[in-house]
1. Based on the Cα coordinates of the range 240-317, what is the per residue volume of their convex hull in Å³?
2. Based on C-alpha coordinates, I'd like the Rg and Dmax of the range 155-295, in Å.
3. Output needed for the range 176-252: three equivalent-ellipsoid semi-axes, defined as square roots of 5 times the C-alpha gyration tensor eigenvalues, in descending order, whole Å.
4. If you bin every alpha carbon distance in the range 109-161 into 10 Å steps from zero, what whole percent lands in each bin?
5. On the accessible surface of the range 207-257, probed at 1.4 Å, how many percent belong to carbon and sulfur atoms?
6. If we restrict to alpha carbons, what Rg and Dmax does the range 68-150 come to, in Å?
7. Against the globular-protein guess of 2.2 N^0.38 Å, express the Cα radius of gyration of the range 102-208 as a ratio, rounded to two decimals.
Amino acid sequence: MIRIAHRFRADRYSGMTRSTRFAMIAGIAVFLTLVSSVSFAAWTATSTKSATASTGAVALSTATTAGASTITALGPYTYTATNQTVTKPITVRNTGSVDASVTSIVISRSGTLGGAQVTVKFWVGTSSACAASTPVVSTTLSGGTVSLSTLNLSVAATGSAILCASTTFTGSMTTQAGRTTDVSFALNSSAGTNWNTTDSLALSGRSFTQSIFITTAPNAPTNLQCTNGSDEDRVTIAWSTPSGFTTPNGGYNIYYNGSLLGNVTTTSAGLTGSNVSGTITVRAVASDGTESADSSSVTLEPRSYDRRGQGSGIACG
């Protein structure tokens, strides 16, 4: 009896153990499932993603929005007189995304006309008319880097401004006649201390040519005529413009018996005098002072004589 009871108890305990173990295993399985789910959710919530920070840029161009070069407007140009000036607006465009300031300009030159013969000035324009304004940066076409910082020319991102430029020939027309210079400008700008840029246009879009007129003696005036005036001491002379004689020029020099009377810019002149006897000729004058040969001549003589043969007034002979 005892043995049987012992076995029963043992069998009963053994059955409880399997049931309990099953329950524990089932509980562990559920727990692991829950922990795995929580762990996955936590990893998703705390994950990080990289982002690219956008950077600004400054870009410079001296062309219009239509793409037309503006520096090239300074030439080709031929100076026909000393102290003649060419003034043109240069469009400065910032095609970047950061405001920039124009800092300097690099001038390069080649050719037979020395850069020191041409003065160049820069100032900020309020319109394409380029009215005079201050401050002004003055230099020559000799070359090198010239600071424009005193102009305080700022160009907003994707905006534009006007830089006015003038060139003036200051040399001798006679000495420099026929000489030519080829010039290029390169504008520089900056934003802060780290961003710098140079004009993006090709060299041909930043270049121009200037030269000095080659003077040759003009042709002589033609068809010189003389007409008596209503006053006895006055006559009028007139002539025709010689072929090829166009403005600008130096007008006409009038000579009496080989001596210069004066210069006129028209093709006629009034002369006064009394008891005059001699000849009048006219010469065309080039812009540098070179004269033509004499025109044909007209004769002048007194208009009347008194009893003693003393002449008075002036008349065409």
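1. Details: hull volume 6.5 nm³, N = 78.
Taking only Cα atoms, the range 240-317 has a hull volume of 84 Å³ per residue.
2. Cα only, the range 155-295: 25.7, 85 Å (Rg, Dmax).
3. On the way: eigenvalues 635, 51, 15 Å².
Semi-axes, largest first: 56, 16, 9 Å.
4. Per 10 Å bin, starting at zero, the Cα-Cα P(r) for the range 109-161 comes out as 21, 41, 31, 8, 0 percent.
5. Numbers: 1180 of 2610 Å².
The value for the range 207-257 is 45 percent carbon and sulfur by accessible area.
6. 14.0, 45
7. On the way: Rg = 15.0 Å, N = 107, 2.2 N^0.38 = 13.0 Å.
Against the compact-globule rule of thumb, the ratio is 1.15.
The values are calculated or read from the model by the stated rules, or taken from the named source; none is laboratory data. Keep in mind that this is a model prediction, so the values were computed, not measured. In case anyone asks, the SASA skips ligands and DNA or RNA and just uses the protein heavy atoms, side chains included. Shrake-Rupley method; radii C 1.70, N 1.55, O 1.52, S 1.80 Å.
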